[in-house]
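The values are calculated or read from the model by the stated rules, or taken from the named source; none is laboratory data. Small disclaimer: the values here were computed from a predicted structure and weren't measured. Because the Cβ atoms are built from the backbone with ideal geometry, glycine has one as well, and the counts that use them run over all protein chains shown.
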Amino acid sequence: MSAFVDKMRRRVGRWLDQRPMRVAPERGVFSLSFDDIPETAWTEAGPILAEHGVKATYYVCGGLESGENLGLPQFTTAHLQALFEAGHEVGCHTFSHLSALRATPGAYAADLDRNAYWVAERLDGHVMTTFAWPYGDVSLTAKAVAAERFQLARGVRDGVNAGRADAAAAQAIGLESRRLPGYDLEALMAETANRRGWLIAYGHDVMDGPTPYGCTPDDLDRVIRLAKAAGLDILPVGQALARMN
């Protein structure tokens with residue numbers, strides 16, 4: 001019953017109390033994002049991004065720093081500072097990787113504020129303007145909390161953002177080994193270009209033999225090449241948001 005209730009709450013959170021956002025860039029946009037920041041999301045993905053001359057968004061949980069998640073080592077403060085200095089966006093993913101379905105509005109707000117303070121201490125006062133929901137868990141009460149702090153929140157519901165989107169739970173596709181076989185990436189890129197939309201991808205680890213939530217270096221290289229071939233602008237989430245109107 002608990003799993004069913006969570007499913008219903010998640011569905012309600014994703015579909016109700018939307019923050020309508022117009023999506024009308026001059027041409028289609030593609031954004032890459034990495035959640036949690038496993039070590040390889042920087043050590044392996046960083047050189048690939050640099051080779052292609054593109055920037056990504058890294059959604060950080062301060063509480064995971066120098067720890068382990070899904071059996072993998074996570075980022076260090078040195079990694080976070082290096083990717084930030086390289087021009088990548090740092091966004092918020094809560095401090096403790098907290099599900100919106102597992103916290104009161106007050107507790108969720110406190111966790112977000114703790115992460116904001118933690119990041120600002122390490123990145124010279126940096127203020128995060130975009131957010132990604134841990135586990136893709138969205139609740140109506142947490143939507144209001146996030147809206148007070150961020151210009152956009154990214155979800156995990158598949159699709160291209162085009163015409164109109166929900167700034168409280170923007171659609172995205174999973175750059176994950178468990179999801180990639182089900183996507184026609186060429187068609188998604190073409191749709192984004194044709195509709196002048198915004199396609200966001202999210203992933204985690206980047207390595208040979210990735211977790212179900214990560215991808216291989218070749219996967220990352222391929223998706224960037226496909227976006228370029230489709231004529232899409234490749235921008236971090238925050239910069240892409242500025243192009244939408």
Query raised in the report: If you check every pair at least six apart or on different chains, which have Cβ atoms under 9 Å apart with a residue in the stretch 215-236 that is on the phi > 0 side of the Ramachandran plot first and a residue that is at pLDDT 95 or above and part of a loop (DSSP other than H, G, I, E, B) second?
Result: GLY231/ARG27; GLY231/GLY28
Query raised in the report: Restricting the search to the stretch 205-245, which residues are of a type in the set (Asp, Glu), more than 17 Å from GLU51 (Cα to Cα) and crowded, with 16+ Cβ neighbours inside 10 Å?
Result: ASP205
**Report entry** Matching residues, the stretch 186-204, being in a helix (DSSP H, G or I) and either surrounded by fewer than 19 Cβ atoms within 10 Å (Cβ to Cβ) or small (Gly, Ala, Ser) (or both)
**Finding:** GLU186, ALA187, ALA190, GLU191, ALA193, ASN194
Query - Filter result for ASP137 (surrounded by 18 or more Cβ atoms within 10 Å (Cβ to Cβ), within 30 Å of TYR108 (Cα to Cα) and not small (Gly, Ala, Ser)) - result: yes
Requested in this report: Please state which of the following conditions PRO105 fails to meet, knowing it meets all the rest: (1) of a type outside the set (A, V, I, L, M); (2) more than 20 Å from ALA167 (Cα to Cα); (3) modelled with pLDDT of 95 or more.
Outcome: (2)
Query raised in the report: Is it the case that some residue within the stretch 154-170 is outside any helix (DSSP H, G or I), surrounded by fewer than 17 Cβ atoms within 10 Å (Cβ to Cβ) and free of Cβ contacts under 8 Å to residues at least 40 places away in the same chain?
Result: yes
Requested in this report: Please give the number of the condition THR141 fails out of (1) farther than 15 Å from SER31 by Cβ; (2) modelled with pLDDT of 95 or more.
Outcome: (2)
Query - Flag for LEU83 being under 20 Å from ARG154 (Cα atoms) and either without any contact (Cβ under 8 Å) to a residue 60 or more places away in the chain or surrounded by fewer than 18 Cβ atoms within 10 Å (Cβ to Cβ) (or both) - result: no
Query raised in the report: Quick one: in the stretch 15-35, which of the residues that are over 13 Å from LEU175 (Cβ atoms) and outside any loop (DSSP other than H, G, I, E, B) is modelled with the lowest pLDDT?
Result: TRP15
Query raised in the report: Going by the structure shown, is ALA78 buried (at least 16 other Cβ atoms within 10 Å of the Cβ) and either in contact (Cβ under 8 Å) with a residue 24 or more places away in the chain or more than 21 Å from GLN151 (Cα to Cα) (or both)?
Result: no
Query raised in the report: Applying the selection to the stretch 88-142, what residues are over 13 Å from the mean Cα position of the chain (by Cα), outside any helix (DSSP H, G or I) and of a type in the set (Val, Ile, Thr)?
Result: THR104, VAL127, VAL138
Requested in this report: Taking the residues in the stretch 48-87 that are of a type in the set (A, V, I, L, M), part of a loop (DSSP other than H, G, I, E, B) and within 22 Å of THR211 (Cβ to Cβ) as candidates, determine which candidate is nearest to the chain's Cα centre (by Cα).
Outcome: ALA56
